[in-house]
Amino acid sequence: MDWGMKNRMSRIFKEDGRTVMLAVDHGYFLGAVSRMENPRRTIEPLIPYVDSLMITRGVLRNCIDAKHNIPIVLRVSGGNSILDEDLSNEGITVSIQDALRLNVSAVALSIYVGAPHEHQTLINLTRFIDQAQECGIPVLAVTAVGKELEKRNAKYLSLSCRIAAELGAHIVKTYYCEDFHQVVESCPVPLVIAGGPKMKSEHDVLEIAYNAIAQGAKGVDMGRNIWQSHWPVAMISAIRSIVHEGASVVKATHLFESLKDKKR
């Protein structure tokens, strides 16, 4: 790994080797999802509390002020929508040249292991890794499950994460699951966990974040469970305390409760 790659990785993963990423790329297949109808209004207040943004180029260019010194993880796959029964039918939607123009710290694309277009998405990953490697840009592989949430188990996620790492991904984003330590142990590159659909309570989110970090995850890349909360700043602050300060679920919950009426 050359200096440029190491430098970009160090912008995402802080001195403790962990990261709090904010996923705001949902619109590429979900459209104007609830509380992201106005991306600038939702994202701007959260930027001081996160280590990087996972985002599409359209929202980056139009809704994020260039004055922000925030590392960008750029979504480069797409070509589907929530209206499609098969979400695995993705292609590459951004060139490596445009990623360079946007001064990104990493790029991200989805793979769909076990789905009808598995082969296509894995080839997308390998080809973009080849291109990104030449430019010193890390690649984050997202182990997407489409609409089949029942796939979120250790056996399936271990398979998906290991394949992504074997193909050359530098970071893997996956789901937390029972026996998550097995997923971590089988993957030789850093794992960050997704939040998935909005959970019933903030406590559930904090518990999953804590358990994932305790079992070896290097951070979180959550979206809807942060910015769809009624108290997004309090929520991201509590998540950050778990990831970077080693806070317990109880301590993080207390922090959330103390901030939720002060910082929305």
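Any read-out appearing in this document is the output of simple, stated calculations on the displayed coordinates, not a laboratory observation. Since the structure is predicted, the reported quantities are computational estimates derived from the model, not experimental observations. Glycine gets a Cβ as well: all are built from the backbone with ideal geometry, and neighbour counts include every protein chain shown.
Below is a table of values for the structure above.
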item: Residues within the range 12-25 that are out of contact with any strand residue (DSSP E or B) (no Cβ under 7 Å at 6 or more places or on another chain) and either surrounded by 19 or more Cβ atoms within 10 Å (Cβ to Cβ) or under 15 Å from I72 (Cα atoms) (or both), tallied; result: 1
item: All positions within the range 228-264 that are under 18 Å from V192 (Cα atoms) and buried (at least 24 other Cβ atoms within 10 Å of the Cβ); result: M235, I236, A238, I239, I242, V243
item: Selected residue (only one of T93, T143, T121 is in contact with a Phe, Trp or Tyr (Cβ under 6 Å, 6 or more places away or on another chain) and either surrounded by fewer than 22 Cβ atoms within 10 Å (Cβ to Cβ) or of a type in the set (S, T, Y) (or both)); result: T121
item: Members of the range 114-156 that are part of a loop (DSSP other than H, G, I, E, B) and either out of contact with any helix residue (DSSP H, G or I) (no Cβ under 6 Å at 6 or more places or on another chain) or among the acidic types (D, E) (or both); result: G114, A115, P116, H117, I137, A144, G146, K147, E148, R152, N153
item: Any hit, the range 188-202, residues being within 26 Å of G136 (Cα to Cα), out of contact with any Gly (no Cβ under 8 Å at 6 or more places or on another chain), crowded, with 24+ Cβ neighbours inside 10 Å and not aliphatic (A, V, I, L, M); result: no
item: Some residue of the range 181-197 being in contact with a strand residue (DSSP E or B) (Cβ under 9 Å, 6 or more places away or on another chain) and either among the hydroxyl-bearing types (S, T, Y) or assigned to a helix (DSSP H, G or I) (or both); result: yes
